Structure formats: C-alpha cells, structure tokens
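Before any comments, here is the structure.
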Amino acid sequence: MNFNARDEAVRGYLIIGVFFVHALWDSTFFVQHWWQTPLSFALAKLAAPYISIYFFLSGMSARNLRKKSFRSVLPQSVMLILTAWASEGLGIILQNLLFGGFGYGLPFIRAALRPMLYGTGGCNFVTWFFTTLAVVRILGWVFVRNKIHFVLVVTAIGVLILISRRLDLPDNLYEWRNWPMAALFFIGGMVLPKDFWVPRRLALASLALSFVLLWFNAPDLWTRGPCLTCHVSFAAQPMLRRWGSFPVYVLGAALGAVFLLWAGQNPYPAMLGKVARFFGRASLQFLLLHGWLLVITEVWFALYAPRHMNLLENALFLLAVFVANPILHALVFRYTAKFLNNVLARCFEYGRLATDWCYGWFGAIGVRQLADHSN
C-alpha cells in the first residue's frame, strides 16, 4: 500500500467535498425553512464538519516537523499567510469589478487591506484555511518540541486575545477561533503512525457513528438532549465558528477521518481514486482557484438558486451538482495551473526571504541568541 497515494486520495475527497458543500450553502442561502429543501440541508449538516479533517491530513504530512528548526519551519507558515493575502487580494478585485461596491479610491484600499491586517473578514471564504494552517503549523512544532513551551505559548495567545477584545479590535483576529480545532487535528495527524491501516468493519462503523454524532450535534445538545429534527439547518463549521458541542464535533469529524483513510486505501472503483488523487496532489492550487470561483459565482447562486431549489431538489439533481463541480474546477485548472503554481511559488519565495530578513535583522541588532535559539 502506497500511503502517500492514500493521503493524496483522502485530500482529494475533501477538496471535492468542499466544492459540494459550498454549492449547497450558496443554493440554500435564502431558503427560509429547511423543509423546503431538506436533502440539501441534511447533506450540508453531515458533510460540512469533515472540512476539518484537512488539518488532520496536514499534520500527517508534517510528521518530521520535530526534526526541523524554527527557522526552517517559519517560511512555510509565512508562505501560507501570503497565500491568504493573494487569495483575498485578487478576490476583492474580482468582486469589485463584477459587482462593484468599493469604487477605486480610498474605500477600495481600506476594503483590500483590512482583511490582510486583521487576518479575517474578507470576501473570500477560503482564506481562513490558509491563515489557520499557518498558525497551527507553528503550534504543532512547539508541541512536539517542548510541551512546557507549548503551554506557555497557548497561555500567551489567550492573554493577547483578551487584550484585543478589551481594545475592541475586530473579533477572530487571524482566525483564532479556529485554532483549537485545527491544532487538535493537526497534532493528531502528526502523532498517527504513517502505516496506520483501517479495517473495513472499523471504517463502516466509524462512518455510521460519525453521522449519528454530527446529526444530533447542536448548541443545546446537553440541555435539550438529542432531537431528530430540531437543528436540521445547523451545520457545525469552523469557518463560521459554529461548533455545537465541541467534543461531539471533534469526535464526529475524527470518526469521519477514519472512514476516509479507509476509502483512500483501496478506492473502488479504481478510477475514483485516480480522480481524487488528481485533486489531492494540487490541493492548495485548487483551494486558491475555488476561492476565486466562489467570488465570481456565489452572489448569483445565493440570489437566484434558492428560488428554484424547492422545485429542482432531488437526489439526481444533487448528484449532477456533485459531479459537475469538480469537472468545472478541473477545466478551469487546465488553463490556470501555471498561474496558480506561480502564485504559490512566489509566496514561498517571499516567505523564505522574509524569514531570512527577520533573522538577519535580529543578528544586526545584536539579538543573535534569539535568532539562533531554535536552530
């Protein structure tokens, strides 16, 4: 079994799932009651929490983080921040060109710079992932290197969050509300053995229990108790900072990860695994592309699709949406792959240069020990 191919396939399944969940959200955005489009809401409720599994996979691909110095870890986190900025920057340009609202003077500059300064609140619903992953990579490195330092860092972060709230700064600076979930999954992926093999019975049982937990997960689960139809429109999703019950959310998503690892081991049919690996190998590129396609299409979907969803919604229609979404992304990717690769390459280059500059600056002002401490 090629475990790298398995991880690529699982990553691809998640990317395709992201496409589908966003389509469900956009097409039901202005639907007033869940029973008008029950299948769409039910699928979104069960599938949305699985997006967190991507952090688990990121941790699985970072098992050797312990052996690296901070100087070698930092450039990729800086690269992810720069990728979030690039994603948001082009996103707001596209939004302004297509739908207006900011003009081309100072209001546009403010709208473009604000999400980059605060790390949240932009027009692109993919940047939260890049920003969060940038942070949790550092947290994961600190955790595997020194548990006491990890506790100190988390405590310091908590103090800074309290200070920011006392100063009335925008909430969720650099997506901090997503850090606990993402760090937990990232560290879990780091400590999972690379050759972890999932038996079929365990996978199917995990999927069934995962669906049960995620279906009943709700903000009032522990006060009201499980309810079959009370919260059909509630989908626990980190980007929206909606957890329901955090332990239930984490366990439900973790069980889903077990099933997906099994699904990636021996995909059936085999062509399904090849398609998944195609998306999984270029997952960052597809996330970049997806964010920009959302900016272009989601306004139309949110405004017009809900008017027809109650007439169109059936299993065959949703299956067509599920299949059409990756095909659309693959076609656009065919003509934009070079551009997407260049964006990521430039972000990594500038991330490395920024890291080198910081270390050089520390040395220039005589803080050589601080600069060299993590090497």
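The values are calculated or read from the model by the stated rules, or taken from the named source; none is laboratory data. Note that this is a predicted model, so its numbers are computed, not measured. Note that we place each Cβ from the backbone using ideal geometry, even for glycine, and neighbour counts take in every protein chain shown.
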Determine if the range 19-31 includes at least one residue that is surrounded by fewer than 17 Cβ atoms within 10 Å (Cβ to Cβ) and touching a residue at least 60 places away in the same chain (Cβ under 8 Å). yes
Going residue by residue through the range 146-168, is there one that turns out to be surrounded by fewer than 12 Cβ atoms within 10 Å (Cβ to Cβ), under 30 Å from PHE234 (Cβ atoms) and among the hydrophobic types (A, V, I, L, M, F, W, C)? yes
Could you tell me whether GLY121 is in a helix (DSSP H, G or I), closer than 24 Å to PHE246 by Cα and in contact with a helix residue (DSSP H, G or I) (Cβ under 6 Å, 6 or more places away or on another chain)? no
For the range 254-276, which positions are in a helix (DSSP H, G or I) and either on the phi > 0 side of the Ramachandran plot or out of contact with any helix residue (DSSP H, G or I) (no Cβ under 8 Å at 6 or more places or on another chain) (or both)? ALA270, MET271, LEU272, LYS274
I want to confirm something. Restricting to the range 220-238 and keeping residues that are part of a helix (DSSP H, G or I) and crowded, with 18+ Cβ neighbours inside 10 Å, which single residue is modelled with the highest pLDDT? LEU221
Does GLY264 qualify as being at pLDDT 95 or above and under 23 Å from the mean Cα position of the chain (by Cα)? no
Breaking point among (1) surrounded by 12 or more Cβ atoms within 10 Å (Cβ to Cβ); (2) over 30 Å from TRP35 (Cα atoms); (3) in contact (Cβ under 8 Å) with a residue 60 or more places away in the chain, for PRO199: (1)
Being in contact (Cβ under 8 Å) with a residue 40 or more places away in the chain and in a loop (DSSP other than H, G, I, E, B) is the requirement here; does PHE102 meet it? no
Options TRP197, TRP300: the member that is in a helix (DSSP H, G or I) and either closer than 30 Å to LEU344 by Cα or modelled with pLDDT of 85 or more (or both): TRP300
Kindly indicate whether any position in the range 66-73 is in a loop (DSSP other than H, G, I, E, B) and either over 23 Å from PHE125 (Cα atoms) or among the aromatic types (Phe, Trp, Tyr) (or both). yes
What about LEU152, is it part of a helix (DSSP H, G or I), within 20 Å of the chain's Cα centre (by Cα) and of a type in the set (A, V, I, L, M, F, W, C)? no
Unmet requirement for ASN2, which otherwise passes all of (1) surrounded by fewer than 20 Cβ atoms within 10 Å (Cβ to Cβ); (2) at pLDDT 90 or above: (2)
Would you say PHE322 is at pLDDT 95 or above, under 22 Å from ILE15 (Cα atoms), among the aromatic types (Phe, Trp, Tyr) and surrounded by 16 or more Cβ atoms within 10 Å (Cβ to Cβ)? no
Take the range 172-193 and flag every residue that is surrounded by fewer than 23 Cβ atoms within 10 Å (Cβ to Cβ) and either in contact with an Asp or Glu (Cβ under 7 Å, 6 or more places away or on another chain) or over 23 Å from ASN64 (Cβ atoms) (or both). ASN172, LEU173, TYR174, TRP176, ARG177, PRO180, MET181
Return the residues of the range 104-122 that are in contact with a Pro (Cβ under 8 Å, 6 or more places away or on another chain) and either of a type in the set (Gly, Ala, Ser) or surrounded by 19 or more Cβ atoms within 10 Å (Cβ to Cβ) (or both); say none if nothing qualifies. THR120, GLY121, GLY122
Across (1) among the aliphatic types (A, V, I, L, M); (2) within 23 Å of the chain's Cα centre (by Cα); (3) farther than 21 Å from LEU43 by Cβ, VAL258 clears everything bar (3)
Given the condition outside any strand (DSSP E or B), at pLDDT 85 or above, exposed (fewer than 15 other Cβ atoms within 10 Å of the Cβ) and in contact with a strand residue (DSSP E or B) (Cβ under 9 Å, 6 or more places away or on another chain), answer yes or no: does some residue in the range 212-219 qualify? yes
